[in-house]
Amino acid sequence: MDPVVVFARIVAVSVLALMGVMAVAGCQDADDGPVLPVGASPQAVVSAYIDAINAHDSAAGRKLSTPSFAERQESLFDDAKFSHVRIGAPRPERDYAAPDDGSYREAVYVPVEFVLRHSDEGSMPNGPTVWGYTLVRADAGRPWRIIDNGVG
């Protein structure tokens with residue numbers, strides 16, 4: 001067989017094998033949490049966060065939050081369930097002062113309504129709830145992350 005053809009086949013097989021490895025590696029996530037594209041909307045991030053709460057998946061919730069927010073929310077993932085969820089349109093938060101001293105160029109507040117069920121009613125009673133989440137990002141090329149919550 002012609003050595004040029006053999007070389008071409010070896011290169012082709014090697015390239016295909018490398019592409020396969022890269023495709024598999026690109027689909028995996030070390031934390032097995034939700035993988036949202038960098039350009040995911042604030043509503044998509046809030047929706048994924050609520051899905052993580054309902055699945056009691058605090059690791060997924062941490063991936064969607066700033067570190068300071070994640071620390072304060074661990075117990076929420078124990079037994080809380082949100083149902084009848086309605087996520088509103090984000091509203092810009094001008095001159096937002098981040099509680100974690102982070103340097104964020106953009107902040108939005110995303111209003112949410114849901115029915116809450118959980119065992120610890122000390123801070124929030126069960127039933128219909130009007131709530132919201134503040135999300136931040138350093139610039140348009142970075143993902144939105146939840147930094148705070150409460151009533152707008």
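Quick notes on this structure:
- Residue match in the stretch 138-152 (condition: in a strand (DSSP E or B), surrounded by fewer than 19 Cβ atoms within 10 Å (Cβ to Cβ) and at pLDDT 95 or above): no
- Test: Glu121 is exposed (fewer than 13 other Cβ atoms within 10 Å of the Cβ) and within 18 Å of the chain's Cα centre (by Cα): no
- Where a residue in the stretch 113-125 is within 15 Å of Ile53 (Cα to Cα) and its partner, wherever it lies, is among the hydroxyl-bearing types (Ser, Thr, Tyr), with Cβ under 6 Å and at least six apart: Phe114/Thr129; Val115/Ser83; Leu116/Thr129
- All of (1) modelled with pLDDT of 90 or more; (2) more than 25 Å from Pro128 (Cβ to Cβ); (3) crowded, with 17+ Cβ neighbours inside 10 Å hold for Leu36 with one exception: (3).
- Checking His84 against (1) modelled with pLDDT under 95; (2) of a type outside the set (A, V, I, L, M); (3) at positive phi, the condition it does not meet: (1)
The values are calculated or read from the model by the stated rules, or taken from the named source; none is laboratory data. Quantities reported herein were computed from a predicted structural model and do not represent experimental measurements. Positions of Cβ are backbone-derived with ideal geometry, glycine not excepted, and every protein chain shown enters the neighbour counts.
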